[in-house]
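Everything below concerns the one structure shown next.
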Amino acid sequence: MQTRNAVKAGILILILVGLVTMRDTVSISLASDQDNVIAVVNGEQIYLAQLEPLIAEFKKQAKKKTQLREEEKLQLLKNLIRRNLILQQDFTQQARKSKEISERIKQYEDKLVLETYIKHHVGDFLTVSEEEAKLYYRNNLHQFASPAKVKASHILLRTEPEAKQVLEKLQAGESFTELAKQYSIDLPMAFEGGSMGTIAKGKTLPQLEKALFVLDEGEFSDIVETQYGWHIMRVDEKITAPYIPYEKVKDRIKVILKREKEARAYDTMTQKLEKEADITIYENRL
């Protein structure tokens, strides 16, 4: 129980330090009247809008799907109060004026301003049409193919000389199925003619895959060595790789195309800014 409580406390601290710091301004702007005030700390009001994102983040971090209990909400509020108390201290107020904090605040502000500028000038007006997405799908079908599959059989031998002997029999026209039943040590598959079932590309040993997926139907391989012994394989059926339906991947495609458009638009926008600006680069100082 102590460990569980410690984990919860850790989550609370992480949320308070990381999340609330970024959302204070937004949260306070959401408070419209006194009914949203849920606490007052040394005259400073705390609003319900400030607690709500904490509740959401706590549920996410704690992997809770149900509503929080009242005592959990109260604990979150108490931790929010403690945070406010720390921020009200003289030391904290002085720290705000330090060069290190000021620089970090400036960096954070710059990041927000840059994101807002780029979103306004690049992201907001870029859209991807259904036709564009369908065209991408048709031109890049290989990206949406399921792994290639084969139905295969094999004969597994203990030694290389035995494998060479069986391979010679196959080359002389003897039945693969009968030779598997007679010589293969891979039981009980040997009794079924060495059937390996259906094998998807990427789901078997690399040595076997390298030999399997270059064979035609009915063709058998040369001897392949693995940690299990010496294999001779035959492809019984090649299964054509089906494509994932467009409807299942269209959202993914639109994200890809949107990012491509954003990258091009960003380059165009910044090239224009560079052209209009007075820029001097001292390469010898790099």
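Values quoted throughout were computed directly from the atomic coordinates according to the rules given, and no laboratory measurement underlies them. Since we're looking at a predicted model, the values are computed, not measured. Counting neighbours? That spans all protein chains shown, and the Cβs are built from the backbone with ideal geometry, glycine included.
List of remarks:
- Within region 174-189, being under 15 Å from Asp236 (Cα atoms) and surrounded by 14 or more Cβ atoms within 10 Å (Cβ to Cβ) holds for Phe176, Thr177, Ala180, Met189.
- Filtered residues of region 126-135 (kept if closer than 15 Å to Arg259 by Cα and either exposed (fewer than 10 other Cβ atoms within 10 Å of the Cβ) or of a type in the set (D, E, K, R) (or both)): Glu132
- Check on Ser98, surrounded by 11 or more Cβ atoms within 10 Å (Cβ to Cβ) and over 30 Å from Ala265 (Cα atoms): no
- Asp216 satisfies every condition listed in (1) outside any strand (DSSP E or B); (2) among the charged types (D, E, K, R); (3) more than 15 Å from Ser153 (Cβ to Cβ) except (3).
- Any chance Lys250 is under 29 Å from Gln143 (Cα atoms) and surrounded by 14 or more Cβ atoms within 10 Å (Cβ to Cβ): yes
- Tally of residues being assigned to a loop (DSSP other than H, G, I, E, B) and touching a His at 6+ places or on another chain (Cβ under 9 Å) across region 190-204: 1
- Scan region 190-223 for residues that are without any contact (Cβ under 8 Å) to a residue 24 or more places away in the chain, in contact with a Leu (Cβ under 8 Å, 6 or more places away or on another chain) and surrounded by fewer than 19 Cβ atoms within 10 Å (Cβ to Cβ) and the total you get is 1.
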